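Some notes on the structure that comes next.
The values are calculated or read from the model by the stated rules, or taken from the named source; none is laboratory data. Every value quoted in this text rests on a predicted model; they were computed, and no experiment measured them. Cβ atoms come from the backbone with ideal geometry, glycine included; neighbour counts cover every protein chain shown. Side chains are part of the model used for accessible areas, which takes the heavy atoms of the whole protein and leaves out ligands, DNA and RNA. Shrake-Rupley method; radii C 1.70, N 1.55, O 1.52, S 1.80 Å.
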Amino acid sequence: MLWLLLLLPLQALGAAEKTLGVPPDSISKYVPSKSNTWTCLDGSKEIPWDYVNDDACDCADGSDEPGTGACPNQPFYCKNEGHVGSFIPSSRVKDGLCEPNCCDGSDERPGVCNNVCQEVGQVYRKKVEEENKIRKTGSKIRSTYIAYAHKEKKRLEGVIETSAAEIAIQEKEVVRLRDIAERSESLSAAALELKQQSPLYISLITHSNALKSLQREHKKHLQREKELSNILDALRTGYNPNYQDMAVLEAVRGWEEIAGLPHINDVGKDSVSDEEAGVQEDTASEVAETKEEVDDEMWSAEELEKDLDDLLNSDYVSLLLEHDEYVQSVPEGSVLFDIASYLPDSIAPQYEEFKDTLVSWLVNLGIIKGETPSSTDTSRSRQALTDAENRLNSIKKEKEDAENDLKEIFNIHGYGLEGQWKKLDGTCLRTEVGDYTYEVCLFGEAKQIPNKGGSTFSLGKFASWNPSPDVKPGDDTYYGKQIYNRGTRCWNGPERNVVLLLSCGTENTLNSVVELEKCEYQFTGTTPALCRPLDSSEGKNGQNANAGKDEL
Ligand code: MAN
């Protein structure tokens, strides 16, 4: 009976050996049948249970030797209790070397490697804790980036809407100005000169000149008034009342009355005297009266200040031509002088023919003037048209730029599905390495700037995120790499280019630069844009899950 009890731990030990190197999710598959046999995992063969982990490869898929390294290309799982389980290739099992990924030493015969999982686990946990702290802070910053992208989207939509409305208005303006320019270009210099003899036009120009002169004089007076009020203000605050100089006192009182100011000696007192209150009331009512007198059609002081220049810049020639057209157009419904409308339809064509012949005779005899199109003094109307066309083009460009920006904001290949990168567009990161300062302006250009003078080399412009076909667009590995290419060509070599490797950090920084091959640079940096919240699925415990898999 006793020997049976002694056997139990040995059996348990045997079972443990059979599952050596088996990952937790496959342990249930390593159980013997009732007849103490076992079937290879691919189902190809049934073997005695004793053949499992006996250091001889029996199954075609190598599944009978998970813990010995007897079958090639098999994963060996180290439990690493106290740390994180991990895989190593079967070729490294029982090779006499302690694998760093197998801190429990289970890949080697007992006694070869110490179990250092407690120490390694502690260091690892501390590192993960620090990384999580950074991720927590970084993800808060990242969420402000996302909020920025949403605001930016709204702004751009506003720009598109406003510019669409402006384009519609400006297009009409261009048509109007083109019409004027074309009409004035088809008018001879002599015809224009004749039109400019119109009393209305001459009077308009005289009014304009008078208004310009008044404006000039008005500005001079305003300047003079300003200087005088400065002098009087200085006198008011600086005079010495003890001298009892009545002339000075009168000047001060007079100025206070005009300017509606309290007497300087009363400034600071709780209340002003009745007399002064009366003065102020009077001044206020006078101002009110003056306001009432202003005709509705008269310009206020602000309008004079703001709008007079525009009015004086009017294109009077264009106005003249527009006016001409206006007075020449026959008012709708008026048939008084339209003889053709009194005639029966049958003789109307003969009448029109007769009229045209008569008019051309009168023109030939010099009795009336005909239209003689030729290019003339039209520079102002042409300039106005060019200005309007330029303005239209610039609004169109503004709209187009906004539309393109909008397309990129929430684009997976642009600023990310959440728009988390938009905020960093144009953010420049720099670091000094050796004789150079390296700079990368995100989504812009990378540069190599010599510290001791000399030319700056372009290291390329932003081309794409991680272009590897194995990487899924939108995940952390995708956004962890940016490519900048087509920089200044290297002498006898390629165009300079940069691979920028990014990772989560609380700040946007450029940490290192190495020239891996001639003119091929690798930058590393950090950014909060890569710090996903701790509870988000991607990146959560990513390191743990992948630990050691690189080894395979
Ligand atoms: C410059 C720099 C270097 C580069 C050489 C290649 O000196 O851009 O980084 O290696 O040119 O000639």
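If a residue must be outside any helix (DSSP H, G or I) and either open to solvent by less than 50 Å² (accessible area, probe 1.4 Å) or of a type in the set (A, V, I, L, M) (or both), how many such residues does the range 396-419 contain? First the steps, then the outcome.
Here is the first cut: in the range 396-419, the residues outside any helix (DSSP H, G or I) are 410-419.
Imposing the further condition that a residue be either open to solvent by less than 50 Å² (accessible area, probe 1.4 Å) or of a type in the set (A, V, I, L, M) (or both) reduces the set to 411-412, 414-417, 419.
Residues in the range 396-419 being outside any helix (DSSP H, G or I) and either open to solvent by less than 50 Å² (accessible area, probe 1.4 Å) or of a type in the set (A, V, I, L, M) (or both): 7 in total.
Which ones in the range 191-203 are in a helix (DSSP H, G or I) and open to solvent by less than 70 Å² (accessible area, probe 1.4 Å)? Break it down stepwise before answering.
We begin by selecting, within the range 191-203, every residue in a helix (DSSP H, G or I); these are 191-196, 199-203.
Within the range 191-203, Ala191, Leu192, Lys195, Gln196, Tyr201, Ser203 meet the criteria.
Taking only the range 218-243 into account, find how many residues are within 50 Å of the chain's Cα centre (by Cα) and open to solvent by less than 60 Å² (accessible area, probe 1.4 Å). Before you say what the answer is, go through the steps one by one.
First, pick out the residues of the range 218-243 that are within 50 Å of the chain's Cα centre (by Cα): 218-227, 229-230.
Pick out the ones that are also open to solvent by less than 60 Å² (accessible area, probe 1.4 Å) and you get 229.
Final tally of qualifying residues: 1.
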Take the conditions open to solvent by 70 Å² or more (accessible area, probe 1.4 Å) and touching a residue at least 60 places away in the same chain (Cβ under 8 Å) and apply them to Lys422. Does it pass? no
Find the strands (runs of 3 or more DSSP E) located wholly in the range 30-124 whose residues include 1 or more that are at pLDDT 95 or above, over 12 Å from Leu20 (Cβ atoms) and open to solvent by less than 30 Å² (accessible area, probe 1.4 Å), and list them. 37-39, 46-48, 86-89
Six or more apart or on different chains, Cβ atoms under 8 Å: show the pairs whose first residue is in the range 476-498 and under 27 Å from Ile412 (Cα atoms) and whose second is aliphatic (A, V, I, L, M) and within 11 Å of the ligand (Cβ to nearest atom). Tyr484/Leu459; Gly487/Leu459; Arg496/Leu459; Asn497/Leu459; Val498/Leu459
Candidate set: the range 501-533, residues that are within 16 Å of the ligand (Cβ to nearest atom) and not in a strand (DSSP E or B); chosen: the one most open to solvent (accessible area, probe 1.4 Å): Lys518
Every residue from the range 234-250 that is of a type in the set (D, E, K, R) and free of Cβ contacts under 8 Å to residues at least 12 places away in the same chain: Asp245, Glu250
The range 155-178, residues that are farther than 19 Å from Leu424 by Cβ, free of Cβ contacts under 8 Å to residues at least 40 places away in the same chain and open to solvent by 70 Å² or more (accessible area, probe 1.4 Å): Glu161, Thr162, Ile169, Lys172, Val175, Arg176
Can you report the number of residues in the range 179-189 which are in contact (Cβ under 8 Å) with a residue 24 or more places away in the chain and either among the hydroxyl-bearing types (Ser, Thr, Tyr) or open to solvent by 70 Å² or more (accessible area, probe 1.4 Å) (or both)? 3
Thr357, sole failed condition from (1) at pLDDT 75 or above; (2) more than 18 Å from Ala190 (Cα to Cα): (1)
